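The values are calculated or read from the model by the stated rules, or taken from the named source; none is laboratory data. All of these numbers come straight from a predicted model, not from anything done at the bench. Cβ atoms come from the backbone with ideal geometry, glycine included; neighbour counts cover every protein chain shown. Quick note on the areas: whole protein, heavy atoms, side chains included, nothing else; ligands and nucleic acids left out. Shrake-Rupley method; radii C 1.70, N 1.55, O 1.52, S 1.80 Å.
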Amino acid sequence: MEKRAHILVVDDEQAIADLVVNLLVAEGMDALACYSGQAALDMLARTPFDLAIVDIMMPGIDGFELCVRARQMCDIPVIFLSAKDEEADQVVGFTLGAEDYVTKPFRPRELVARVKARLRRRQNAAPDSSSTLLRAGAIEVDLRTHLATLHGETLHLTPKEFAILAILAQSAGSPVSAADLFEGAWRERFDDAAANTVMVHIRRLRKKLADIDASTSFIETAWGVGYKLRGGPGADGAHGA
């Protein structure tokens, strides 16, 4: 049975917080409202959440401060929901590590769609914590020892290269978008410059794989979609002429 997403909604306007909670519950999620930044911090200290929707303009601990303090406690994605639509405020929000920024008044279906998109990216980017060893054909990625091998030979990867390979290995055989690779490996918001960064790291990964086995293109480009490891878990990494 699929785990229901657990969402924390923080807004000092109780009517708005309750409205957002009702929207999410109607979409099959578990959602809880807090009406102050301090109440949200107290809740985060007791309960794990998959995502937080946070208002910025709150008395006491505002949304920006809450985001900073929450990130010190746990790795939780944050969507800011605010009447402040100035570009400077959005830049501050993304600088603090926010996943998204939605302005009030908001369209309910758009907000729900953005929440689902962030949860989906989070799920796709995070390797399954129940297994520390990922296999994709001749490639093995050990999340516990932070070691990757091809045909049993060690791949000498940078931390970002290792993170990208781990994400690809988890979805071996299925394409992963450049956005999911970047946000999963860098934990930053994806933009046009990020697409080039991913492409450069993919090129370096391909070279390091080819240094061990040049007979196979292990990382394929799925045009218009992203990148994927050739074959599925346990597949033979070789191919015919």
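When the chain is described by a simple charge dipole with +1 on each Lys and Arg Cβ and -1 on each Asp and Glu Cβ, the residue from ALA26, PRO48, ALA214 located farthest towards its positive end is ALA214.
Prolate is the label for the chain, because the ratio a/c of its alpha-carbon gyration tensor axes (a ≥ b ≥ c) is 1.5 or higher and a/b is greater than b/c. The residues of the chain expose on average 52 square angstrom of accessible surface per residue, using a 1.4 Å probe on protein heavy atoms. Any chance you could give the angle, 0 to 90 degrees and rounded to 10, that helix 14-26 forms with the longest Cα principal axis of the chain? Helix 14-26 and the main axis of the chain meet at about 40 degrees. For the pair CYS74 and ASP142, label points projected 7 Å from Cα toward Cβ lie 3.1 nm apart. Taking the longest Cα principal axis of the chain as reference, the axis of helix 37-46 is set at about 50 degrees. Accessible surface of the chain, 1.4 Å probe: 52 percent of it comes from carbon and sulfur atoms. Are any of the pairs LYS116/LYS208; LYS3/LYS228; LYS3/LYS160; LYS160/LYS208; LYS116/LYS160 more than 24 Å apart by Cα-Cα distance, and if so, which? Beyond 24 Å: LYS116/LYS208; LYS3/LYS228; LYS3/LYS160; LYS116/LYS160.
Suppose every Lys and Arg Cβ carries +1 and every Asp and Glu Cβ carries -1, with no other charges. What dipole size does the chain come out with about its Cα centre, to the nearest 20 debye? Numbers along the way, then the final one.
Details: 27 positive and 34 negative charges, 157 e Å.
Roughly 760 debye for the chain.
Computed from label points 7 Å out along Cα-Cβ, the spacing between ALA117 and ARG206 is 2.8 nm. With both residues required to sit in the chain, DSSP beta bridges show an antiparallel share near 50%. Per-residue ellipticity at 222 nm from helix content only, as computed over the chain with -39500 (n - 2.57) for each DSSP H run of at least four residues, stands at -13500 deg cm²/dmol.
For ASP42 and GLU65, compute 0.36 nm times the residue count separating them, minus their Cα-Cα distance, and round to one decimal in nm. Display every interim value, and only then the final one.
Numbers: separation 23, 0.36 × 23 = 8.28 nm, distance 1.42 nm.
In short, 6.9 nm is gained.
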